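Structure, as C-alpha coordinates:
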Amino acid sequence: MKSYLAAAVQMTSVSDIQKNLAQAEELIDLAVRQGAALIGLPENFSFMGEEKDKLAQAEEIYHETAKFLKNMAQRFQVTILGGSFPVPVEKTGKVYNTTILIDPTGEELSRYHKVHLFDVNVPDGNTYRESSTVVAGQQLPSVYSSPQLGNIGLSVCYDVRFPELYRHLSDQGAEVMFVPAAFTAFTGKDHWQVLLQARAIENTAYIIAPAQTGNNYHRRYTHGHAMIVDPWGVILADAGEQPGIAIAEIKPSRLEQVRRQMPSLQHRVFN
Ligand SMILES: O=C(O)CNC(=O)[C@H](CS)NC(=O)CCC(=O)C(=O)O
(Lines give C-alpha, C1' and ligand atoms only; values in the text may rest on other atoms or scores of the structure.)
Protein backbone atom coordinates (compact mmCIF):
# COMPACT_ATOMS: atom_id res chain seq x y z
CA MET A 1 0.00 0.00 0.00
CA LYS A 2 1.18 3.49 -0.86
CA SER A 3 -0.23 6.95 -0.09
CA TYR A 4 -2.90 8.06 -2.53
CA LEU A 5 -5.88 10.37 -2.92
CA ALA A 6 -9.40 9.01 -2.54
CA ALA A 7 -12.60 10.83 -3.46
CA ALA A 8 -16.17 10.43 -2.21
CA VAL A 9 -18.65 11.71 -4.79
CA GLN A 10 -21.73 13.64 -3.68
CA MET A 11 -24.61 14.02 -6.09
CA THR A 12 -28.36 14.51 -6.40
CA SER A 13 -29.57 11.51 -8.37
CA VAL A 14 -33.04 11.75 -9.88
CA SER A 15 -35.31 9.39 -11.81
CA ASP A 16 -33.41 9.82 -15.09
CA ILE A 17 -30.59 7.35 -15.71
CA GLN A 18 -28.75 9.31 -18.40
CA LYS A 19 -28.88 12.53 -16.40
CA ASN A 20 -27.42 10.75 -13.37
CA LEU A 21 -24.67 9.06 -15.35
CA ALA A 22 -23.75 12.42 -16.88
CA GLN A 23 -23.55 13.99 -13.41
CA ALA A 24 -21.51 11.07 -12.09
CA GLU A 25 -19.13 11.33 -15.05
CA GLU A 26 -18.54 15.04 -14.42
CA LEU A 27 -17.71 14.42 -10.77
CA ILE A 28 -15.45 11.45 -11.55
CA ASP A 29 -13.67 13.69 -14.04
CA LEU A 30 -13.29 16.38 -11.35
CA ALA A 31 -11.88 13.84 -8.89
CA VAL A 32 -9.43 12.50 -11.48
CA ARG A 33 -8.24 16.02 -12.33
CA GLN A 34 -7.53 16.52 -8.63
CA GLY A 35 -5.49 13.32 -8.60
CA ALA A 36 -7.79 10.71 -7.08
CA ALA A 37 -6.83 7.04 -7.63
CA LEU A 38 -9.85 5.61 -5.80
CA ILE A 39 -13.31 7.11 -6.33
CA GLY A 40 -16.59 6.16 -4.69
CA LEU A 41 -20.11 6.92 -5.94
CA PRO A 42 -23.14 7.05 -3.62
CA GLU A 43 -25.97 4.58 -3.06
CA ASN A 44 -28.37 4.43 -6.00
CA PHE A 45 -26.25 6.90 -7.94
CA SER A 46 -27.73 5.92 -11.30
CA PHE A 47 -31.37 6.07 -10.23
CA MET A 48 -33.31 7.60 -7.35
CA GLY A 49 -37.05 7.61 -7.80
CA GLU A 50 -40.32 5.95 -6.87
CA GLU A 51 -39.89 2.28 -5.99
CA LYS A 52 -42.27 1.15 -8.74
CA ASP A 53 -40.31 3.12 -11.36
CA LYS A 54 -37.05 1.62 -10.11
CA LEU A 55 -38.46 -1.91 -10.49
CA ALA A 56 -39.94 -1.21 -13.91
CA GLN A 57 -36.56 0.01 -15.18
CA ALA A 58 -34.38 -2.35 -13.15
CA GLU A 59 -32.93 -4.28 -16.11
CA GLU A 60 -32.04 -1.09 -17.95
CA ILE A 61 -30.58 0.59 -14.84
CA TYR A 62 -28.48 -2.49 -14.13
CA HIS A 63 -27.06 -2.84 -17.64
CA GLU A 64 -26.44 0.87 -18.18
CA THR A 65 -24.77 1.19 -14.78
CA ALA A 66 -22.49 -1.84 -15.16
CA LYS A 67 -21.40 -0.62 -18.60
CA PHE A 68 -20.84 2.93 -17.30
CA LEU A 69 -18.67 1.84 -14.37
CA LYS A 70 -16.43 -0.31 -16.52
CA ASN A 71 -16.13 2.47 -19.06
CA MET A 72 -15.23 5.13 -16.44
CA ALA A 73 -12.62 2.96 -14.73
CA GLN A 74 -10.92 2.18 -18.04
CA ARG A 75 -11.11 5.65 -19.50
CA PHE A 76 -9.81 7.43 -16.38
CA GLN A 77 -7.54 4.57 -15.22
CA VAL A 78 -8.87 4.64 -11.66
CA THR A 79 -10.48 2.18 -9.24
CA ILE A 80 -14.19 2.92 -8.79
CA LEU A 81 -16.74 1.90 -6.19
CA GLY A 82 -20.13 1.84 -7.89
CA GLY A 83 -21.95 3.01 -4.75
CA SER A 84 -25.02 0.92 -5.30
CA PHE A 85 -27.54 0.10 -7.99
CA PRO A 86 -30.35 -2.41 -8.48
CA VAL A 87 -29.43 -5.90 -9.68
CA PRO A 88 -32.51 -7.92 -10.75
CA VAL A 89 -33.05 -11.15 -8.79
CA GLU A 90 -34.62 -13.92 -10.90
CA LYS A 91 -38.15 -15.08 -10.13
CA THR A 92 -38.73 -12.52 -7.37
CA GLY A 93 -39.62 -9.40 -9.32
CA LYS A 94 -37.23 -7.66 -6.92
CA VAL A 95 -33.61 -6.54 -6.96
CA TYR A 96 -30.50 -6.65 -4.84
CA ASN A 97 -29.12 -3.29 -3.74
CA THR A 98 -25.58 -3.96 -4.88
CA THR A 99 -22.22 -2.26 -4.76
CA ILE A 100 -19.17 -3.24 -6.82
CA LEU A 101 -15.51 -2.34 -6.93
CA ILE A 102 -13.94 -2.05 -10.39
CA ASP A 103 -10.25 -1.75 -11.24
CA PRO A 104 -8.68 0.38 -14.02
CA THR A 105 -8.83 -2.52 -16.50
CA GLY A 106 -12.60 -2.69 -15.98
CA GLU A 107 -12.32 -5.92 -14.00
CA GLU A 108 -14.74 -6.43 -11.10
CA LEU A 109 -12.77 -6.90 -7.85
CA SER A 110 -15.56 -7.32 -5.34
CA ARG A 111 -19.36 -7.34 -5.13
CA TYR A 112 -21.70 -7.00 -2.16
CA HIS A 113 -25.50 -7.08 -1.86
CA LYS A 114 -26.81 -4.81 0.93
CA VAL A 115 -27.79 -6.98 3.88
CA HIS A 116 -29.67 -4.55 6.13
CA LEU A 117 -32.77 -3.11 4.49
CA PHE A 118 -34.18 0.26 5.47
CA ASP A 119 -37.72 -0.53 6.65
CA VAL A 120 -38.24 2.41 8.91
CA ASN A 121 -40.95 4.91 9.77
CA VAL A 122 -38.90 8.06 10.11
CA PRO A 123 -40.31 10.49 12.71
CA ASP A 124 -40.64 13.21 10.04
CA GLY A 125 -43.62 11.26 8.67
CA ASN A 126 -41.87 9.48 5.80
CA THR A 127 -42.09 5.71 5.60
CA TYR A 128 -39.41 3.57 3.96
CA ARG A 129 -40.00 -0.07 3.01
CA GLU A 130 -36.86 -1.02 1.14
CA SER A 131 -37.78 -4.71 1.48
CA SER A 132 -40.83 -4.18 -0.73
CA THR A 133 -38.51 -3.97 -3.75
CA VAL A 134 -35.15 -5.23 -2.51
CA VAL A 135 -34.03 -8.75 -1.57
CA ALA A 136 -31.62 -8.67 1.36
CA GLY A 137 -28.13 -9.98 0.68
CA GLN A 138 -27.32 -13.11 2.64
CA GLN A 139 -23.57 -12.79 2.84
CA LEU A 140 -21.21 -10.59 4.76
CA PRO A 141 -19.06 -8.44 2.51
CA SER A 142 -15.57 -9.60 1.68
CA VAL A 143 -12.40 -7.54 1.76
CA TYR A 144 -10.39 -6.97 -1.39
CA SER A 145 -6.63 -6.68 -0.86
CA SER A 146 -5.06 -4.24 -3.27
CA PRO A 147 -1.28 -3.95 -3.23
CA GLN A 148 -1.60 -0.24 -4.09
CA LEU A 149 -4.78 0.86 -2.32
CA GLY A 150 -4.82 -1.34 0.79
CA ASN A 151 -7.45 -3.75 2.06
CA ILE A 152 -10.84 -2.43 1.00
CA GLY A 153 -14.13 -3.40 2.66
CA LEU A 154 -17.60 -2.71 1.30
CA SER A 155 -20.94 -1.82 2.88
CA VAL A 156 -24.00 0.26 1.96
CA CYS A 157 -25.84 3.06 3.77
CA TYR A 158 -28.13 1.64 6.52
CA ASP A 159 -25.45 -1.03 7.20
CA VAL A 160 -23.54 1.73 9.03
CA ARG A 161 -25.86 1.25 12.01
CA PHE A 162 -24.68 -2.35 12.46
CA PRO A 163 -21.14 -2.28 13.89
CA GLU A 164 -20.79 -6.07 13.70
CA LEU A 165 -20.54 -5.84 9.91
CA TYR A 166 -17.54 -3.48 10.16
CA ARG A 167 -15.99 -5.63 12.87
CA HIS A 168 -16.22 -8.49 10.40
CA LEU A 169 -14.46 -6.31 7.81
CA SER A 170 -11.69 -5.35 10.21
CA ASP A 171 -11.30 -9.03 11.21
CA GLN A 172 -10.67 -9.65 7.49
CA GLY A 173 -7.97 -6.96 7.56
CA ALA A 174 -9.88 -3.99 6.18
CA GLU A 175 -7.99 -0.69 6.31
CA VAL A 176 -10.34 1.33 4.13
CA MET A 177 -14.12 0.91 4.44
CA PHE A 178 -16.69 2.28 2.01
CA VAL A 179 -20.11 3.50 3.17
CA PRO A 180 -21.92 4.78 0.06
CA ALA A 181 -25.22 6.27 1.20
CA ALA A 182 -28.50 8.00 0.53
CA PHE A 183 -29.13 8.97 4.14
CA THR A 184 -32.39 10.75 4.81
CA ALA A 185 -32.06 14.44 5.67
CA PHE A 186 -33.93 13.80 8.92
CA THR A 187 -31.79 10.96 10.31
CA GLY A 188 -28.64 12.29 8.72
CA LYS A 189 -28.52 15.55 10.62
CA ASP A 190 -28.16 13.74 13.95
CA HIS A 191 -26.66 10.36 13.06
CA TRP A 192 -24.60 10.37 9.87
CA GLN A 193 -21.33 11.91 10.97
CA VAL A 194 -21.40 10.29 14.42
CA LEU A 195 -21.90 6.81 12.95
CA LEU A 196 -19.10 7.26 10.41
CA GLN A 197 -16.69 8.52 13.06
CA ALA A 198 -17.63 5.66 15.38
CA ARG A 199 -16.96 3.05 12.66
CA ALA A 200 -13.62 4.71 11.87
CA ILE A 201 -12.51 4.97 15.50
CA GLU A 202 -13.58 1.52 16.69
CA ASN A 203 -11.94 -0.20 13.71
CA THR A 204 -9.01 2.24 13.41
CA ALA A 205 -9.74 2.36 9.68
CA TYR A 206 -10.32 4.97 6.99
CA ILE A 207 -13.97 5.51 6.07
CA ILE A 208 -14.93 6.74 2.61
CA ALA A 209 -18.57 7.78 2.53
CA PRO A 210 -20.04 9.01 -0.79
CA ALA A 211 -23.51 10.52 -0.42
CA GLN A 212 -26.73 11.62 -2.02
CA THR A 213 -27.73 15.22 -1.31
CA GLY A 214 -30.73 17.49 -1.75
CA ASN A 215 -34.14 16.82 -3.25
CA ASN A 216 -34.04 13.58 -5.26
CA TYR A 217 -37.75 13.21 -5.99
CA HIS A 218 -41.06 14.22 -4.45
CA ARG A 219 -40.58 14.31 -0.70
CA ARG A 220 -37.24 12.49 -0.70
CA TYR A 221 -34.52 14.74 0.74
CA THR A 222 -31.06 13.40 1.40
CA HIS A 223 -28.45 14.65 3.86
CA GLY A 224 -25.29 15.13 1.80
CA HIS A 225 -21.97 15.54 3.65
CA ALA A 226 -20.06 12.93 1.72
CA MET A 227 -16.91 12.55 3.75
CA ILE A 228 -13.61 10.87 4.38
CA VAL A 229 -12.73 10.05 7.98
CA ASP A 230 -9.28 8.99 9.12
CA PRO A 231 -8.54 6.06 11.51
CA TRP A 232 -8.47 8.43 14.51
CA GLY A 233 -11.95 9.70 13.64
CA VAL A 234 -10.79 13.02 12.20
CA ILE A 235 -12.88 14.30 9.29
CA LEU A 236 -10.42 14.89 6.48
CA ALA A 237 -12.95 16.18 3.95
CA ASP A 238 -16.67 16.99 3.93
CA ALA A 239 -18.53 17.84 0.71
CA GLY A 240 -21.16 19.98 2.47
CA GLU A 241 -24.59 20.05 0.85
CA GLN A 242 -23.98 20.81 -2.82
CA PRO A 243 -23.02 18.19 -5.41
CA GLY A 244 -19.25 17.82 -5.53
CA ILE A 245 -16.53 15.66 -4.05
CA ALA A 246 -14.78 15.09 -0.73
CA ILE A 247 -11.14 14.28 -1.43
CA ALA A 248 -8.35 13.32 0.97
CA GLU A 249 -5.11 11.40 1.24
CA ILE A 250 -5.16 7.79 2.43
CA LYS A 251 -1.81 7.23 4.15
CA PRO A 252 -0.42 3.89 5.33
CA SER A 253 1.86 5.80 7.74
CA ARG A 254 -1.19 7.37 9.46
CA LEU A 255 -2.92 3.99 9.67
CA GLU A 256 0.17 2.45 11.23
CA GLN A 257 0.56 5.39 13.64
CA VAL A 258 -3.05 5.26 14.87
CA ARG A 259 -2.97 1.48 15.25
CA ARG A 260 0.22 1.84 17.32
CA GLN A 261 -1.09 4.70 19.46
CA MET A 262 -4.53 3.15 19.98
CA PRO A 263 -4.16 -0.65 19.74
CA SER A 264 -7.82 -1.34 20.63
CA LEU A 265 -8.17 -3.98 17.90
CA GLN A 266 -5.59 -6.04 19.78
CA HIS A 267 -7.36 -5.69 23.13
CA ARG A 268 -10.60 -7.38 22.20
CA VAL A 269 -11.94 -9.80 24.80
CA PHE A 270 -15.22 -10.95 23.25
CA ASN A 271 -14.24 -12.31 19.86
O1 LIG B 1 -34.75 5.77 -1.38
C2 LIG B 1 -34.19 5.53 -2.46
O3 LIG B 1 -34.64 5.90 -3.55
C4 LIG B 1 -32.89 4.80 -2.50
N5 LIG B 1 -32.63 3.93 -1.37
C6 LIG B 1 -32.17 4.40 -0.25
O7 LIG B 1 -32.05 5.58 -0.16
C8 LIG B 1 -31.83 3.53 0.93
C9 LIG B 1 -32.87 2.50 1.13
S10 LIG B 1 -34.50 3.19 1.29
N11 LIG B 1 -31.69 4.41 2.05
C12 LIG B 1 -31.19 4.11 3.23
O13 LIG B 1 -30.75 2.99 3.49
C14 LIG B 1 -31.19 5.26 4.22
C15 LIG B 1 -30.70 4.91 5.60
C16 LIG B 1 -30.88 6.05 6.51
O17 LIG B 1 -31.20 7.15 6.14
C18 LIG B 1 -30.65 5.85 7.96
O19 LIG B 1 -30.11 4.79 8.37
O20 LIG B 1 -31.01 6.75 8.73
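The values are calculated or read from the model by the stated rules, or taken from the named source; none is laboratory data. Small disclaimer: the values here were computed from a predicted structure and weren't measured. Glycine gets a Cβ as well: all are built from the backbone with ideal geometry, and neighbour counts include every protein chain shown.
Among the conditions (1) in contact with a Ser or Thr (Cβ under 7 Å, 6 or more places away or on another chain); (2) at pLDDT 95 or above; (3) not basic (Lys, Arg), residue 51 misses just one, which is (2). Number of residues in region 48-82 that are more than 20 Å from the chain's Cα centre (by Cα) and crowded, with 19+ Cβ neighbours inside 10 Å: the value is 0.
Just for region 96-140: of the residues that are among the small types (Gly, Ala, Ser) and not in a strand (DSSP E or B), which one is farthest from the chain's Cα centre (by Cα)? Break it down stepwise before answering.
So the first thing to find is which residues in region 96-140 are among the small types (Gly, Ala, Ser), and the list is 106, 110, 125, 131-132, 136-137.
So of that shortlist, the ones also not in a strand (DSSP E or B) come out as 106, 125, 131-132, 136-137.
On the way: 106: 19, 125: 26, 131: 19, 132: 22, 136: 17, 137: 16 Å.
That would be 125.
Number of residues in region 166-194 that are over 14 Å from the mean Cα position of the chain (by Cα), crowded, with 22+ Cβ neighbours inside 10 Å and among the aliphatic types (A, V, I, L, M): the value is 2.
Quick one: in region 204-218, of everything that is outside any strand (DSSP E or B) and within 17 Å of the chain's Cα centre (by Cα), which residue is nearest to the ligand (Cβ to nearest atom)? Can you show your working first?
Quick first cut of region 204-218, residues outside any strand (DSSP E or B) only: 204-205, 210, 218.
So of that shortlist, the ones also within 17 Å of the chain's Cα centre (by Cα) come out as 205, 210.
On the way: 205: 20, 210: 13 Å.
Once the filter is applied, the top-ranked residue is 210.
Of the candidates 216, 203, the single residue that is buried (at least 20 other Cβ atoms within 10 Å of the Cβ) and under 18 Å from residue 254 (Cα atoms) is 203.
Scanning region 82-126 for residues being within 12 Å of the ligand (Cβ to nearest atom) and either in contact with a Lys or Arg (Cβ under 6 Å, 6 or more places away or on another chain) or farther than 17 Å from residue 177 by Cα (or both) gives a total of 13.
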